[in-house]
Amino acid sequence: MKTSVYPTTHKKLISWVKQMAALCKPDSIAWIDGSEHQKKILEKEALTTGEILQLNQEKLPGCFYHRSAKDDVARTEHLTFICTSQKRDAGPTNNWMPPVEAYKKAESIFKGAMKGRVMYVIPFSMGPVGSPFSKIGVELTDSIYVVLNMLIMTRVGESVLKHLGKDGDFTKCLHSKAELDINKRLILHFPEDNAIWSVGSGYGGNVLLGKKCLSLRIASYLGKREEWLAEHMLIMGIEEPDGHIKYIAAAFPSACGKTNLAMLIPPEGLKRKGYRIWTVGDDIAWMRIDSDGALWAINPEAGFFGVAPGTNSKTNPTMVKTIQKNTIYTNVLLKHDKTVWWEGADGDVPAEGVDWQGRLWKPGMLDGDRNIIRGAHPNSRFTTPIMNCPSASFRLEQHHGVPISAIVFGGRRAHLAPLVYESFNWQHGVFVGAAMASETTAAQAGKVGQVRRDPMAMLPFCGYNMAEYFAHWLSMGKRMIHPPKIFHVNWFRTDEKGEFLWPGYGENLRVLEWILDRCNNKMDAVRAPIGFIPRVADIDMMGLPLAPLALEKLLAINKKEWLEELKGIKEFFGQFKKDLPPELWQEYESLEERLRN
Ligand code: GTP
Ligand code: SPV
Ligand code: MN
């Protein structure tokens, strides 16, 4: 693995690698070529050090298990920074640090951090290699776990270097686990330098730098400059009974249902009508206006980094099939037969196992505060190739991606937001996205279940001033001849007892059917103050035993609660001061007026 010969003639790349090696002082440098042979060597090495464990190869061929540090289980938003020379360019919703200070702080942690370790050089492409839509990154890391995950999540290796040639552009991504110390952890983005520095963590979103760091934070900044959109969205194809496939993109905050929606199995009645789902992506969409004046989307990723808890053959049978091979499981429960389990998995609860912290676990065990100890961390995840997925779209390698008919925003709201509504037009749709809020989940460190504003599900991922981001959305709408219609959904409304009113998962297709019928101009709707809502009779409920009046409750709009909600929106918009596009205040005022009438 040791090499001093460079597999590239790219002078800037070579000199950057040398420079970073001089800072981090690894024992050696190894270039990742994307070969099966090299992957096997790395797996062996990581098995020896205990960085990964081998799972039962009969039941889970090619699968591995990884346990992270106890306080390194989710994205740490408070340690994530946008480092632009002007504070205003990061905007009021991002943590900001001046680049000079950020480099200096991080350098002191990176200094010598790779002593005794190998520095792996991972050339990767977000999007198909060689596509004009794709972006290349090179990640330097001292973690084999990161290498193995990047091999699943992105396109890696020689073909990327070949495409980069001797002077192609790439994002410089530097990562070191360092001491995995939360007090020496920083996730830094330098959009002006096309660089990312991440240190002190081993958790997915913090360290798989092609994902949130490059494909959302850096890409959103590039998207603003190059007039396209980088979004926290799933992309799915819905094959309609007439055989046409309509594509939608949907933005829900972290752990709010993108993966599940993107690969749903239609309920029996809708299947019989002829519906079928094609999965294009579950987390990130890059969208451009094409020569036809419509919006086209690609998924820049090659794998899923999905939430384990709650995944089973009823909720997500497609994913259960996907993760049977070549999958890395992180922070789930390890069973004695070297298979895995999590809360809400298939089958019986195991009588015993080893929990995500490496302790012996039995169901019902309580901690010091008398809370149930979970076998799997609530944000435990699996990394798995899209190509394993039975519903993977045949358009995945297409350079143009897929045309988007509808954009769907959604949040986790126990109250207020109805099951579905449609915006009046693009500008109103941008307001709906900008005013989004959702209850926090275990995907980010911090309190769970707190309602926070999360515009377009991008609050933690927008790499520049969100006021400018809203303006960019408005201008994209003006540039399209056929802008997608914009909708909002909420699968998480609860009744008086706190139980979900809507069964969710595959049944969500009933709502998507209404959305597509609206896009195809086949369906009337009711004009409510917040947007168009379905008539109760227009959602196909065949075969769905729902409590009487549940659908009415799901679609109800409480004007008083909405007027209350306006206060939160006003406060949120207010922090952008003069930078907020006036169109959003206009929409705000129109909504208030409609609610008061
Ligand atoms: P990230 O990967 O963090 O961006 O999340 P995601 O949006 O892809 O979320 P995912 O689909 O993994 O869902 C997260 C959690 O929400 C899981 O525990 C799911 O079981 C649950 N969930 C997903 N869809 C639904 C739904 O329609 N209804 C309900 N009640 N829960 C859902
Ligand atoms: C999310 O938190 O939105 C994820 C997981 O998709 S991570 O890659 O860790 O950001
Ligand atoms: Mn995500």
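Key figures for this structure:
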item: Distance between segment 281-343 and segment 60-124 - C-alpha centres, whole angstrom; result: 23 Å
item: Protection-proxy order for peptides 105-115, 342-352, 455-465, 153-163, each taking the mean of Cβ atoms within 10 Å per residue, highest first; result: 455-465, 153-163, 105-115, 342-352
item: Centroid-to-centroid separation of segment 205-220 and segment 134-167 [C-alpha atoms, Å]; result: 13 Å
item: Hz values of 3J(HN,Hα) by residue in segment 179-196 - Karplus curve (6.51, -1.76, 1.60), Gly and Pro given as x; result: 9, 6, 9, 4, 7, 10, 10, 8, 10, 10, 10, 10, x, 5, 9, 6, 9, 9
item: With Cα atoms, 0 to 90° folded angle of helix 36-49 axis to the chain main axis; result: 80 degrees
item: Theoretical gain in end-to-end length, Q398 to E499 [0.36 nm per residue, Cα-Cα removed]; result: 32.2 nm
item: Taking all pairs of distinct alpha-carbon atoms in segment 398-505, Kirkwood radius in angstrom; result: 15.3 Å
item: Burial ranking of peptide ranges 26-38, 296-308, 394-406 (average Cβ count within 10 Å, highest at the top); result: 296-308, 394-406, 26-38
item: Candidate lysines for bridging to K522, where Cα separation is under 23 Å - those fewer than 8 sequence places away on the same chain excluded; result: K246, K271, K273, K485
item: Lys, Arg +1 and Asp, Glu -1 on Cβ, resulting dipole of segment 39-112 about Cα centre, debye, nearest 20; result: 80 debye
item: Virtual spin-label span in nm between L474 and E593, 7 Å along Cα→Cβ; result: 1.7 nm
item: Partner lysines for K567 [C-alpha distance under 24 Å; skip if fewer than 8 residues away on the same chain]; result: K447, K553, K559, K577, K578
item: Cα-based Kirkwood hydrodynamic radius, segment 463-571, one decimal, Å; result: 16.6 Å
item: Segment 1-72: Lys pairs at Cα distance under 29 angstrom, eight or more positions apart or on different chains; result: 25
item: Anisotropy class of segment 218-326 from Cα gyration tensor, a/c 1.5 cut; result: oblate
item: Alpha-carbon gyration tensor eigenvalues x 5, square-rooted, for the chain, Å; result: 38, 29, 23
item: Relative contact order for segment 260-354, counting Cα pairs under 8 Å that sit 6 or more residues apart, in percent; result: 22 percent
item: Table column - 3J(HN,Hα) (Hz), segment 286-295, Karplus curve with 6.51, -1.76, 1.60, x for Gly and Pro; result: 10, 10, 10, 8, 9, 5, 7, x, 9, 9
item: Per-peptide average of other Cβ atoms within 10 Å, ordering 310-316, 287-293, 466-472 highest first; result: 466-472, 310-316, 287-293
item: Per DSSP, loop trypsin sites (Lys or Arg not before Pro) in segment 475-543 with at most 12 further Cβ within 10 Å; result: K497, K522, R535
item: Where N is the number of residues in segment 505-568, Cα Rg divided by 2.2 N^0.38 Å; result: 1.26
item: Segment 214-255: proportion of alpha-carbon pairs further apart than 17 angstrom, %; result: 49 percent
item: Gyration tensor (alpha-carbon) shape descriptor, segment 48-194, a/c threshold 1.5; result: oblate
item: Virtual spin-label span in nm between Y6 and K59, 7 Å along Cα→Cβ; result: 4.8 nm
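All of the numbers you see were taken from the coordinates with simple rules; none came from a lab. Only a predicted model underlies this, so the values are computations on that prediction, with no experimental measurement involved. Note: ideal-geometry Cβ built from the backbone for every residue, glycine included; neighbour counts use all protein chains shown.
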